[in-house]
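Data first, discussion second: the structure below is written as structure tokens.
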There are 2 protein chains.
Amino acid sequence: MSDTTRPPADAKRSSRPNTSFFRSRWVDAPDGVEELDPAQLAPGFRAGGAHCGLKGGGRTDIGLIVCDAEAVASSILLTRNASAAAPIRVCRDRCERGEIRAAVVNSGNANAETGAKGYADAVAMCDQAAAQLDLQPEAVAVAETGVIGVPLPIETVLAGIGEAARALSGAGGAVFSDSILTTDRWPKRCTLRADGVTLSAQAKGGGMIEPGFATMLCFVQTDAALEDADRALRAATAASFERITVDGQMSTNDTVLLQATGAAGAPLPEGLLDAVLLQLAIEVVADGEGASRVGKVQVAEAASVAEAERVARAIANSPLVKTALFGRDPNWGRIAQAAGMALAGEQLEEIGAGAIDAAELGQDAAEAEIGIRLGRGEHRAHVWFSDLGYEYVKINAEYTT
Amino acid sequence: MSDTTRPPADAKRSSRPNTSFFRSRWVDAPDGVEELDPAQLAPGFRAGGAHCGLKGGGRTDIGLIVCDAEAVASSILLTRNASAAAPIRVCRDRCERGEIRAAVVNSGNANAETGAKGYADAVAMCDQAAAQLDLQPEAVAVAETGVIGVPLPIETVLAGIGEAARALSGAGGAVFSDSILTTDRWPKRCTLRADGVTLSAQAKGGGMIEPGFATMLCFVQTDAALEDADRALRAATAASFERITVDGQMSTNDTVLLQATGAAGAPLPEGLLDAVLLQLAIEVVADGEGASRVGKVQVAEAASVAEAERVARAIANSPLVKTALFGRDPNWGRIAQAAGMALAGEQLEEIGAGAIDAAELGQDAAEAEIGIRLGRGEHRAHVWFSDLGYEYVKINAEYTT
């Protein structure tokens, strides 16, 4: 399973350095950012969680987050997969996308390919959350992640939502973050303070990771004043979750939600939302199913941005390039082949070793950057991707449904 | 490496049943076909091989095949990869595609991304073969397969061509077939007789296998009279090598060559060329790098053939479906997800378990057929694909350049 009830490998969580949130070489964070305890949500938000049995081992599998501030501006982005899960369809059909106050989530069951019952169950989750929080149902988003094609034990889930509501707290960021994890080996979350505003965020990855925008869940809360929440979220997502791939598989359940209260009376520092989403996106790649390394491919001198992106995605999704990243093989021929495939039928001049920089594939660092110049124009694009190793096969072949 | 100098695993060659050439459940061979020794070429053809050192272990790595009949009708199909190798460019630039008398091949070096020297080397190979055979250079095709980006040791190769020319024989089918193998675990070849005509064929696969038409080499010889060799080859290829994928990677070196003398004065039995190419294509999948099983996905009820094919390829190339085939997991949710990804942005009604037949994924047979009905129209398409297991990672990650 890509998106399952399997436990995050707790033993491996410590494999990730805990120095600071912004740990990727590819993320430029604004100056003067202070890191707070990620359990602490941005002012005006509370979250809670509960265990209802969708995941084993007593782990938190129901989460609830709510904005209590007077005003809220929100934006929500949903997967474009035509086999979209019930919660995606319910959000599309019912949410006031600019005025979302709360989100209810479960992990362990994607509620995808579950028919009319699945849709009714997702509606019931929203309604239960709205009732508990005294909100209109259209102010509540629902997000789910886990196995596909299995009906929800809805009574248990509804009871779990009640329990999560009773646990709501401004210090609920960590438990909410835990409530969305599936095959993640470590939680992806932060609370940051800068220029008088606070931003908290929680994300999860796993498998089925390629955009559209990425195949994952991400929630962002802030007390900053956003002029246009939708525009800010779309721009930050386009440069982060839309630029990553684990297995080239667009999920049925992707959701990104941004909520901003404006209560701090100040804007977000320039670049902060982008940096946070990019760090989270790179964490999703680094923690992709079976992943051990993150690659970044830079395509330059393309005839158009679309062409550059097509080539970058072909390279990032080539199993030959991904196994070379895993095997630390600076195999530039596979990069040339994948680029040529993306440009099939066009009379590309031979690319040649001199136009390809594959050296970092062969090095030991956890982050490797490769580049290719096409000599066809002035446009560029880049994509981050995970490697392909034995663990990916093990996770996806040995745990059968 | 996908396409390398590594030896075929001789120890595993016997793992393939040697009952008869047409052993796939998916191939309908015409009645009354007699199998001959595959060393025996169709009348009017001779082939030979030599070892010049591109592959280790003294294995045959240079091959030559020539038609001695009065007349020859030929067709050649070449990869559309924009990073096409030198031999592809030379064939495109110089061959009289309808009048190809001979082909010279090497395995162990793809002569791809080798610049002006590579092009000159491929021309020199043609010229050397033409001189040895007393032919015009435009009557000689050149095909190469192996590592990318490494210059040919051209003097050794030219000497090898001379040696292969001295070894030419009507019984050279087996040695010619050996001369094109790279990571193949077993040779793919046949000589068949039916209705007074003979057809011999040799193919190789490995990795970088997805069409365009497939990423492989295939040579077919016959003494049958073909009304339109090009049309016959295109139709047979469209239904075989254009319908397979190992790793979704279009190669830089794909070549299919058909030569027909007409000397038998009779046409090919209906369906014979198609059956031979389909069996060879399925062998290429079965012997894909690291492959242990072959899947066939049937997409039905699509709005168009193009849509059906897009969905079939998305399913066949999904690493989640491929690991499920390897792990014998009848995971229909992954099929629904991949179909939804191929139809992203279209408001597909939920597909549901009832429209997906994934049962054979979970069974033990080496060939598994799966199906999905989209409920959007009346069109169909199918694709064959290999599984994704530990061996694929091992082959492609552990042998570094």
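A short reminder: the numbers here are calculations on the coordinates, not readings from a lab. Remember, predicted model here, so these are calculated numbers, not experimental data. Here the Cβ is made from the backbone with ideal geometry for all residues, glycine too, and neighbour counts use every protein chain on show.
One table, with the values for the structure above:
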| item | result |
| --- | --- |
| Spatial separation of Cα centroids for segment B:83-149 and segment B:330-364, in angstrom | 44 |
| Theoretical ellipticity at 222 nm over chain A - DSSP helices of four or more residues, -39500 (n - 2.57) apiece, nearest 500 | -9000 deg cm²/dmol |
| Two-site FRET efficiency, A:W26 against B:D195, from Cβ-Cβ distance with R₀ of 60 Å, rounded to 0.05 | 0.40 |
| For A:145-151, mean number of other protein chain Cβ atoms within 10 Å | 3 |
| Acute angle (nearest 10 degrees) that the helix B:115-133 long axis makes with the longest principal axis of chain B, alpha-carbon atoms | 60 |
| Residue among B:L325, B:L78, B:L348 with the largest mean-square fluctuation in a Gaussian network model of chain B, springs linking Cα atoms under 10 Å | B:L348 |
| Gained length - B:E70 relative to B:E155, 0.36 nm times residue gap less alpha-carbon distance | 27.4 nm |
| Cα-based shape type of segment A:258-314, given that a ≥ b ≥ c are square roots of the gyration tensor eigenvalues and the cut on a/c is 1.5 | oblate |
| For B:F45, distant residues with modelled amide H under 5 Å away | B:D68 |
| Most fluctuating residue given options A:D31, A:D68, A:D184, as computed from a GNM of chain A linking Cα atoms under 10 Å | A:D31 |
| Top of A:D93, A:D121, A:D254 by mean-square fluctuation, Gaussian network on chain A, Cα under 10 Å | A:D93 |
| Average beta-carbon neighbours from other chains, 10 Å sphere, peptide B:343-351 | 5 |
| Peptides ranked, highest mean first, by Cβ atoms within 10 Å: ranges B:239-248, B:224-233 | B:239-248, B:224-233 |
| Under 5 Å, built H, 5+ apart or other chain: amide partners of B:T79 | B:D254 |
| Other protein chain Cβ atoms within 10 Å, averaged over every residue that makes up B:169-177 | 0 |
| Packing-based ranking, highest mean first, of A:308-319, B:299-310 given that Cβ atoms within 10 Å are counted | A:308-319, B:299-310 |
| Under Karplus coefficients 6.51, -1.76 and 1.60, residue-wise ³J(HN,Hα) of segment B:37-42 in Hz, glycine/proline x | 4, x, 5, 7, 7, 4 |
